[in-house]
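Single-structure report; data block below.
The values are calculated or read from the model by the stated rules, or taken from the named source; none is laboratory data. Quick caveat, the model's predicted, so the values are computed rather than measured. Don't worry about glycine lacking a Cβ; one is built from the backbone with ideal geometry, like all the others, and counts go over all protein chains shown. In case anyone asks, the SASA skips ligands and DNA or RNA and just uses the protein heavy atoms, side chains included. Shrake-Rupley method; radii C 1.70, N 1.55, O 1.52, S 1.80 Å.
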Amino acid sequence: MKIAVCVKEVPDPTAEKRIDPDTKRLVRSGENTLNRYDRHAIEEAVRLREGAAPGAEIAVVLVAPASASRTVDKALAQGGDRSVHLADDGLSGSDIVATSRALAAVLARDSYDLIVFGQQGSDAECYVMASAVAERLARPCVTQVAALALDGSSLKVKRQVETGYETLEVSLPAVISVSDAINEPRYPSLPAIMGAKRKPHEVLSLADVGLAAGDVGVDGSRTHVSALSKPPTRGDSVKLEDDGTAAEKILAFLVERKVVA
Amino acid sequence: MSRSSTTTRPINPHDYLEIDTLLDDEERLVRDTVRQWVRDRVLPEIGHWFEEGYLPMELAPELGKLGLLGMHLEGYGCPGASAVAYGLTCLELEAGDSGLRSLVSVQGSLAMFAIHNWGSEEQRQRWLPRMAAGEALGCFGLTEPDAGSDPGAMRTRARRDGDDWVINGTKMWITNGSVADVAVVWAQTDDGIRGFLVEKGAKGFTTPDIKHKISLRASITSELVLEDVRVPADAMFPDVRGLRGPLSCLNEARYGIVWGAVGAGRACYESALEYAKTRIAFGKPIGGTQIQQQKLAEMALEVNRGMLVALQIGRLKDAGTVRPEHVSMGKFGNVRGALEIARSARTVLGGNGITLEYPVIRHMNNLESVYTYEGTHDVHALVIGGAVTGIQAFR
């Protein structure tokens with residue numbers, strides 16, 4: 001069984017996010033790390049590999065600057081067997097349309113039975129990359145997977161939706177994104193960390209995957225950020241100073257809005 | 001945007017001198033992993049464990065799974081990590097609690113190192129893989145009630161009786177003593193000081209815990225009492241004689257303390273920094289007052305200085321050129337620095353500084369032990385003094 005886990009390098013979530021006013025892009029020059037949601041995707045792939053026939057392998061796939069080697073190592077220490085890294089300066093400024101094109105081009109070079117994504121990126125908080133890549137590869141796609149079991153050449157999955165869970169069966173090859181409730185990712189062990197650099201690392205350019213500069217980056221993107229502004233401050237809040245009647249006022253407020261009867 | 005902002009980064013209060021840039025990817029990943037584990041598994045509970053005087057032994061197999069027990073040793077299930085990676089691990093563990101770091105130090109640097117370095121092939125095969133996995137624990141018996149800084153004055157004695165050895169004596173202040181499956185015990189013989197492996201449950205071997213400690217409470221400290229304990233001939237380390245054996249192990253363990261102390265100091269500094277930024281007095285954060293900023297500046301300096309000292313000693317160790325005198329300087333300076341940070345941080349936190357809701361007084365109390373164990377502060381001063389003058393004050 002061949003599994004690809006698509007991972008993303010994101011700015012360290014403990015640092016404050018900043019947007020460059022000139023480029024209108026998120027500043028990525030600080031500390032970067034592996035998107036925390038992707039740890040669940042790797043963990044789920046590792047569990048599938050543990051239960052699969054010998055020879056099963058996990059490729060960690062990413063589109064990121066060449067400097068992302070630490071993120072690659074982290075993903076491999078977490079359980080990936082090899083990495084496939086599309087690193088090309090021309091990718092800078094890619095939106096979802098362009099990035100999904102690049103990812104699909106990398107994934108199409110190999111015949112993966114299953115492609116796994118984390119549910120979202122912790123930087124742009126976008127949930128749609130799995131769907132976009134599945135569309136490009138013409139594969140079935142299930143997002144927000146909260147539990148899965150391999151059943152021959154198909155996957156039985158429980159999908160988290162607002163009202164509960166959907167139980168679905170999807171035939172392989174397929175694309176899924178897993179929710180962060182699906183598992184508790186293990187800590188990478190020291191031998192795994194030390195072994196990460198020795199695993200095969202494939203670094204590709206746009207030309208290697210048959211793309212031209214205009215297919216990706218700003219030119220290949222279909223969205224353009226024209227302006228950014230802070231969300232408006234909320235004007236409907238009421239501040240109460242307690243002069244002994246605050247409890248009554250809060251109760252009256254809640255009754256008026258029919259929160260309590 | 002100014003040009004300079006593209007070439008310099010804003011000051012990071014958690015890595016003021018950008019020491020991270022001196023670490024390689026693997027070292028950072030080890031550090032990040034241990035830090036996260038401590039955050040998840042230790043910090044939520046440690047105040048409670050300290051108060052109860054207890055450290056859950058379920059942590060040992062978890063540490064084994066992470067590969068942190070005997071991590072700097074090679075073979076027998078040990079990963080063979082670099083000295084710097086081991087140091088960073090000690091730092092992060094001790095940022096949790098000195099008791100936790102002590103557990104790992106004693107297991108890896110004292111018990112496992114002794115067996116790895118001085119044990120027979122059979123002894124290594126029998127103990128090291130299980131100890132690396134955290135399935136078996138070890139302790140190290142050198143210090144005695146009347147022999148601390150001067151271990152050559154030990155009274156514990158092993159005498160030959162047929163093929164066996166019979167050991168009598170008492171060892172004191174032994175971390176992990178009562179939970180250890182195997183004790184490395186150093187004893188006088190007619191042939192000088194020799195090392196023995198004494199297994200839990202051996203007849204005449206008891207390990208009463210030392211109670212009423214107000215330091216290193218999240219750590220088990222015991223006596224080892226040996227009354228006519230009979231061990232077979234192959235329980236002895238085959239080749240090492242004299243103090244060289246135990247002292248080589250202590251040098252390993254105190255290397256971990258050089259780093260660990262920085263972790264304890266960092267935890268106190270970070271706690272004080274956070275508190276100073278959020279505690280309001282006279283209408284503004286106390287961190288905006290000169291007196292608290294002076295303290296925070298001193299703390300930040302000490303954390304960074306300690307880190308650089310530890311890193312340099314680690315690099316020397318990885319290059320194979322470290323000397324015990326280097327390690328002595330690291331322990332001497334870094335533990336003192338950490339203790340000063342802890343005491344100063346305690347005052348920043350005011351009354352809250354004395355509760356276990358904050359890590360500061362726990363580290364402060366722990367560091368009093370760290371100041372004394374693995375070579376007292378005073379003895380390390382004499383080692384450094386001897387090295388710079390060429391005149392030994394003791395020996």
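Shielding of peptide B:26-35 by partners, expressed as the average count of other chain Cβ atoms within 10 Å per residue Cβ, is 5.
Between B:351, B:80, B:96, the residue with the greatest mean-square fluctuation in the GNM of chain B (Cα pairs under 10 Å linked by springs) is B:351. Solvent-accessible surface of protein heavy atoms, probed at 1.4 angstrom with all chains present, puts A:135, B:51 in the order A:135, B:51, largest first.
With 40 Å² as the minimum drop in accessible area between chain alone and full protein complex (1.4 Å probe), the qualifying residues in the range B:56-76 are B:66. For the range A:162-208, accessible area lost to neighbouring protein chains reaches 40 Å² or more, against the chain alone with a 1.4 Å probe, at A:187, A:190, A:193, A:194.
Given a 1.4 Å probe and heavy atoms of the protein chains only, how would you sort B:372, A:14, largest accessible area at the top?
Largest accessible area first, the residues go A:14, B:372.
Other chains' Cβ within 10 Å of B:10-17 residues: what's the mean?
Rounded to a whole number, the mean comes out at 1.
In square angstrom, what is the accessible area per residue of the range B:138-235 with a 1.4 angstrom probe?
On a per-residue basis, the range B:138-235 sits at 44 Å².
Taken across both chains, chains A and B shield about 1600 Å² of accessible surface from a 1.4 Å probe. With contacts taken as Cα pairs under 8 Å at a separation of at least 6 residues, the range B:47-138 carries a relative contact order of 37 percent. Rolling a 1.4 angstrom probe over the range B:19-132 with all protein chains present gives an accessible area of which 46% lies on carbon and sulfur atoms. Across chain B, Cα pairs under 8 Å and at least six residues apart give a relative contact order of 17 percent. Have a look at the range A:51-85 and report residues whose accessible surface goes down by 40 Å² or more when the remaining protein chains are included, against the chain on its own, probe 1.4 Å, ligands and DNA/RNA excluded. At a threshold of 40 Å² (probe 1.4 Å), the residues of the range A:51-85 that become less exposed are A:70, A:74. Computed from Cα atoms, the angle from the helix B:83-96 axis to the main principal axis of chain B rounds to 70 degrees. The long axis of helix A:36-51 is offset from the longest Cα principal axis of chain A by roughly 50 degrees.
Looking at the range B:19-132, the accessible area is 32 square angstrom per residue; that uses a 1.4 Å probe and ignores ligands, DNA and RNA.
Accessible area of the range B:138-235 with a 1.4 Å probe: how many percent of it is carbon plus sulfur?
The C+S portion of the solvent-accessible surface of the range B:138-235 is 47 percent.
Counting Cβ atoms of other protein chains within 10 Å of each Cβ in B:81-87 and taking the mean gives 1. Using the rule -39500 (n - 2.57) for each DSSP H run of four or more residues, divided by the residues of chain B, the 222 nm mean residue ellipticity is -15500 deg cm²/dmol. Accessible surface for residue A:165 stands near 130 Å², nearest 10, in the context of the full protein assembly shown (1.4 Å probe).
The GluC sites (Glu not before Pro) of the range A:202-261 meeting both criteria, a DSSP state outside H, G, I, E and B (loop) and at most 16 other C-beta atoms within 10 angstrom of the site's C-beta, are A:241. The angle between the Cα long axis of helix B:25-37 and the main principal axis of chain B comes to about 90°, on a 0 to 90 degree scale. By accessible area, using a 1.4 Å probe on protein heavy atoms only, the range A:95-190 has 48% of its surface on carbon and sulfur. The accessible area of residue B:286, taken with all protein chains in place and a 1.4 Å probe, comes to roughly 20 Å². Here residue B:269 sits with roughly 10 square angstrom of accessible surface, probe radius 1.4 Å.
Taking a straight Cα-Cα cut-off under 22 Å and skipping sequence neighbours fewer than 8 places away in the same chain, the lysines within cross-link reach of residue A:258 are A:239, A:249.
Of all the options A:132, A:66, A:196, the one that moves most in a Gaussian network model of chain A with Cα springs shorter than 10 angstrom is A:66.
Excluding ligands, DNA and RNA, the accessible surface per residue across the range A:2-220 is 45 Å² with a 1.4 Å probe. Ordering A:181, A:11, A:200 by the projection of their Cα atoms onto the charge dipole of the range A:2-220, which places +1 on the Cβ of Lys and Arg and -1 on the Cβ of Asp and Glu, puts A:200 at the extreme positive end.
List the relative contact order of chain A as a percent without decimals, with contacts defined as Cα pairs under 8 Å and 6+ residues apart. With pairs under 8 Å counted, the relative contact order is 23 percent.
Over chain A, dividing the summed -39,500 (n - 2.57) contributions of all DSSP H runs of at least 4 residues by the number of residues returns a 222 nm mean residue ellipticity of -7500 deg cm²/dmol.
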